[in-house]
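Nothing in this text is a laboratory measurement; each read-out follows from the coordinates by a stated rule. Everything numeric in this text was worked out from a predicted model, so none of it was measured. FYI the Cβ positions are ideal-geometry reconstructions off the backbone, even for glycines, and counts take in every protein chain you see.
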Amino acid sequence: MRVSVDREKCVGSGQCVLSAAGVFDQSDEDGIVVLLDESPPADVHMDVRRAASLCPALAITVTES
Amino acid sequence: MSLHIADSGAPAQPDGIPDYPMPRAAGCPFDPAPALRDLRAEAPLVKVRTWDGSTPWLVTRHAEQRALLADRRISADVTRPGYPHVTAASRERRLRTRAFIGMDDPEHARLRRMVTAPFAIKRVEALRPAIQRIVDRLIDDMLAGPKPVDLVQAFALPVPSLVICELLGVPYADHDFFQRNTRVLVNRDQPPEAMREAVDALIDYLERLVAEKLAHPAADLLSKLGVEQVRRGELTAHELAVTGMLLLVAGHETTANMIALGTLALLEHPDQLAALRATDDPKLIAGAVEELLRYLSIVHSGRRRVALEDIEIGGRVIHAGDGVIMANEVANRDEDVFTDPDRLDVHRDARGHVAFGFGVHQCLGQPLARVELQVVYGTLYRRVPGLRLAVDRDQVPFKHDGLIYGVYELPVTW
């Protein structure tokens, strides 16, 4: 699985951090998404998919390998 | 079609277009209006007639609401012709103090991003101990005082009010003033003149506060924005006052209603209350918060937008300039998304709800609301195990006329 984020689209709702804290974080400066792991391990794939579906700004793209 | 709708409580005009909003059924204060459910069963979007005679689209289903709220062809700009205002008073308020929730990008993004960092998950999580102290102290006071007591005034309103005051740097000692004016702002049946007075009083108050923060900055959000944005010319003092008012009003009215209405809903569902009382599992409590957000959907006046272009959706065409109203409370009971949607079940995964909206305008303060509600629901019923209503439920006054749903009073004892 490959993950990418669009920091321009992000509105800092925090849904991704709540869903998959090891994969997403927010910048201290502006609250906008920071991607911690662009190819996360299999045990968090469900959480990452959930994060992408909950993101209100549609700022997360998940590519399944 | 019109007969069917008339039967379920929504008076239909001869042209078959039902009036909106529709009343909830007597005795079912937690459920959306029956007519709304009937419309959802009929079609994902239908035309409705509103207070000024206009006929915007009402979107009833979860999938179409999500799609439209995330669609860049939809505008939240309250100054655009066709924007479906809630009432004349609400239009007065939204145009007089146009905060970023009533703008589109890039202005919206510029202003929202200035206040996004303080609501980031980690920053809000760091407030949890302070929120826990506030909740514990208010419960101590309540238990030491006379009973019965109005849970709204003694607890539900002070919790978020104290938290947002601390965060913004608004003196809590002024709470009578700003809560009184906020009550006017969130009532949809006010005459526009009363709305204007309340809005002007709050803006005047916040402008004076901003001037004070600029002169003597403290460790709070208004000071920080004053120093970082106003002094550098990125934001005017008036814009900061408008943003401050949005955060102050949204920061206490919504969570206060979730606390009081949520408590009533749990008292009416003793098995669910027992499950919450019996646990200290943060996951279960967090899940219960999502479920109560879904089940109660207190933002019951519709998320409002206007179409910028023609949009084909749900077998209909929304034309450029058409108003669009998303009825979140009925989408959160959509059986295509939630199994047995009318059941309150604190064990379900309710995270897909649209109680905070969707799209770029989704609630900025949601992380703070979540932590406040987790602390409250995780503490109140354990510390006051005998909590119960002190009146019959039919004597509880519901906010049918509120922009945000809830109860005006909740007399409780233990």
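The table below lists the values:
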quantity	calculated
Chain B - percent relative contact order, Cα under 8 Å, separation 6 or more	23
Residues in the stretch B:329-369 reached by a label modelled at residue B:63 [backbone nitrogen below 11 Å; 7 Å Cα→Cβ]	B:336-337
Residue exposure sequence - A:1, B:22, B:142, A:46 - by fewest surrounding Cβ within 10 Å	A:46, A:1, B:142, B:22
Per-residue ³J(HN,Hα) for the stretch B:149-162, Karplus 6.51 cos²θ - 1.76 cosθ + 1.60, θ = phi - 60°, Hz, x for Gly and Pro	9, 7, 4, 5, 6, 7, 9, 4, 7, x, 4, x, 5, 4
log₁₀ of I(q)/I(0) at q = 0.24, 0.25 Å⁻¹ - the stretch B:40-92, Debye sum with one point per alpha carbon	-1.08, -1.12
Pairs of alpha carbons in the protein assembly as shown whose separation is greater than 41 Å (percent)	15
Stokes-Einstein D (µm²/s) once Rh is taken as the Kirkwood radius of the stretch B:148-263 over alpha-carbon pairs, at 10 °C in 1.306 mPa s	107
Acute angle (nearest 10 degrees) that the helix A:45-54 long axis makes with the longest principal axis of chain A, alpha-carbon atoms	40
Per-pair calculated FRET efficiency, R0 = 35 Å: residue B:197 and residue B:274 via Cβ, rounded to 0.05	0.15
Average projected area [Cα convex hull, the stretch B:291-368], square nanometres	6.1
Whole-number percent relative contact order across the stretch B:262-414, with pairs defined as alpha carbons under 8 Å at least 6 apart	27
Net lengthening on full extension, residue B:234/residue B:107 (0.36 nm per residue, minus Cα-Cα)	44.5 nm
Ascending count of other beta-carbon atoms within 10 Å, so fewest first, for B:356, B:30, B:398, B:100	B:398, B:30, B:356, B:100
HN-Hα J in Hz across the stretch B:398-412 - Karplus 6.51, -1.76, 1.60, θ = phi - 60°, x for Gly and Pro	8, 8, 5, 9, x, 4, 10, 7, x, 10, 6, 9, 9, x, 10
Evaluated at q = 0.10, 0.12, 0.14 Å⁻¹: base-10 log I(q)/I(0), Debye formula over Cα of chain B	-0.68, -1.01, -1.38
Estimated [θ] at 222 nm from DSSP helical runs (n ≥ 4, -39500 (n - 2.57)) normalised by residues in chain B, nearest 500	-14000 deg cm²/dmol
Rh by Kirkwood over Cα pairs, then Stokes-Einstein D for the stretch B:68-204 at 1.306 mPa s and 10 °C, µm²/s	89
Packing-based exposure ordering (other Cβ within 10 Å, fewest first) of B:48, B:186	B:186, B:48
When the convex hull of its Cα atoms is projected in every direction, mean area for the stretch B:147-209 (nm²)	5.1
Beta bridges per DSSP with both ends in the protein assembly as shown, % antiparallel, nearest 5	85
Where only alpha carbons of the stretch A:2-63 are counted, the Rg and the Dmax (Å)	10.2, 30
